[in-house]
Amino acid sequence: MLRFLIRRALGAFVIIFLLVALTFFAFHSSGNNPAQMNCPKGCTPQLLAQITHNMHLDRSLGQQFWDYITGLFVGQDMGTVGHCAAPCLGYSYAGQAFVWDRIAANYPATFVLAVGGAICFLSIGVGLGMISAWKQGSLLDRVSSSISLVGQSTQIFFIGPLAMALFVYNLKWLDRPEYVPITQDPWGCFMGMILPWLVMSVIFWSNYTRQVRSLMLEQLSEDHIRAARAKGMSNRYVWWRYALRGAMAPIITIFGIDLGAVFSGAIITEVTFSIHGLGFLAVKSVNQADLYLELGVLLFSSAAILLFNIIVDAAYALLDPRVRLG
């Protein structure tokens with residue numbers, strides 16, 4: 001098992017390295033001057049020269065890339081802005097702060113949004129999918145399937161403002177969405193994030209409902225399920241002991257991919273509800289042409305996605321020994 005995880009981790013490291021290299025060289029070969037793009041309004045030649053030196057743009061492109069990679073592990077000196085401690089992702093001139101500090105300040109909002117949203121879409125989606133499979137052909141099954149189809153066809157930027165208008169401004173059942181640090185006010189955090197959680201989870205649980213229903217029905221038609229029923233086992237025992245277990249592997253795959261997506265920054269949800277998380281920061285970095293911030297968010301998001309892929313692989317290996325032996 002340990003060798004299996006080491007192989008997956010090394011593969012993830014190679015992918016991140018190639019992604020960073022491709023993005024880094026693409027930025028620097030675009031023809032735009034990164035120093036000019038990061039120079040604030042009223043930029044003077046002296047300030048431009050200073051930024052050029054701080055960003056190591058007065059060195060060769062290969063040396064710049066080497067400085068960036070080594071800075072991730074040992075940090076680097078960035079001239080007048082000071083020493084950037086490891087993991088150094090560069091300096092954001094638009095935000096007047098080191099990139100890692102900006103990511104660390106924004107990520108708690110993304111983390112809370114991801115955890116709450118994952119709980120919502122997993123519990124609702126799997127629950128409805130199992131009920132639909134259990135009551136196959138019933139009115140409840142048809143209603144659940146129809147709702148999931150509609151939910152899967154909608155977009156967050158459409159249902160988000162509608163949900164705010166209905167539940168926040170008209171009915172006044174919920175507070176205006178905002179992120180409050182959970183360590184300061186747990187209840188305020190819950191009330192401020194419940195609407196983004198539910199709205200973000202709509203598309204996800206709609207997919208889970210259809211997938212889980214299909215997987216459970218497929219499992220219930222297998223020969224070993226019929227054999228278990230022929231031996232006199234109860235439907236409930238067969239359902240939980242055999243059918244659900246057989247459907248777990250695909251569910252874990254979908255869940256791991258979705259977790260990687262939301263933990264790396266739920267961009268549309270954060271922008272829709274003005275939650276200053278990692279996704280909001282990514283959009284801001286693009287609008288401000290903040291090179292190092294864009295690279296930092298990309299690297300952090302990629303690492304999150306690959307981490308959850310490794311977790312999914314580990315879960316697969318625990319469920320099926322043939323995976324880790326392959």
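Kirkwood Rh over Cα pairs of region 173-326 into Stokes-Einstein at 37 °C, 0.692 mPa s: D in µm²/s?
D = 176 µm²/s.
Tell me the volume per residue, in Å³, of the convex hull enclosing the alpha carbons of region 176-251.
Taking only Cα atoms, region 176-251 has a hull volume of 121 Å³ per residue.
Express in nm, to one decimal, how much length is gained between residue 227 and residue 10 on full extension, taking 0.36 nm for each residue of separation and deducting their alpha carbon distance.
73.8 nm
What are the extents of the Cα atoms of region 2-89 along their three principal axes, listed from largest to smallest and rounded to whole Å?
Largest to smallest, the principal-axis extents are 55, 28, 22 Å.
Using Cα pairs under 8 angstrom and six or more residues apart, how large is the relative contact order of region 69-168, in percent?
Relative contact order comes out at 11 percent.
From the C-alpha gyration tensor of region 222-293, pull out the three semi-axes of the equivalent ellipsoid (sqrt of 5λ each), sorted largest to smallest, in whole Å.
So the three semi-axes of region 222-293 are 48, 11, 7 Å.
Would you mind calculating the gained length between residue 50 and residue 237 on full extension (0.36 nm times residue separation, minus the Cα-Cα distance), in nm to one decimal?
60.2 nm
Taking R0 as 45 Å, what's the FRET efficiency between residue 63 and residue 217 from their Cβ-Cβ distance, rounded to 0.05?
0.15
In what order do 44, 52 fall by count of nearby beta-carbon atoms within 10 Å, going from fewest to most?
Ordered by Cβ neighbours within 10 Å, fewest first: 44, 52.
Mind putting together the pair-distance distribution for the chain? All Cα pairs, 10 Å bins, whole percent per bin, short to long.
Percent of pairs per bin, in order: 5, 20, 25, 23, 16, 7, 3, 1, 0.
Evaluate the relative contact order of region 2-89 (contact order divided by residue number), counting alpha-carbon pairs under 8 angstrom at least 6 apart; express in whole percent.
Across region 2-89, relative contact order equals 17 percent.
How many nm separate the modelled label positions at residue 28 and residue 184, each set 7 Å beyond the Cα in the direction of the Cβ?
4.0 nm
Pairs of alpha-carbon atoms within less than 8 angstrom and 6+ residues apart define the contacts here; what relative contact order does the chain have, in percent?
Normalised by residue count, the contact order of the chain is 22 percent.
Bear in mind that the values in this text are calculations on the coordinates, not laboratory data. Computed from a predicted structure; not experimentally measured. Using ideal geometry, Cβ is built from the backbone for each residue, glycine included, and neighbour counts are taken over all protein chains shown.
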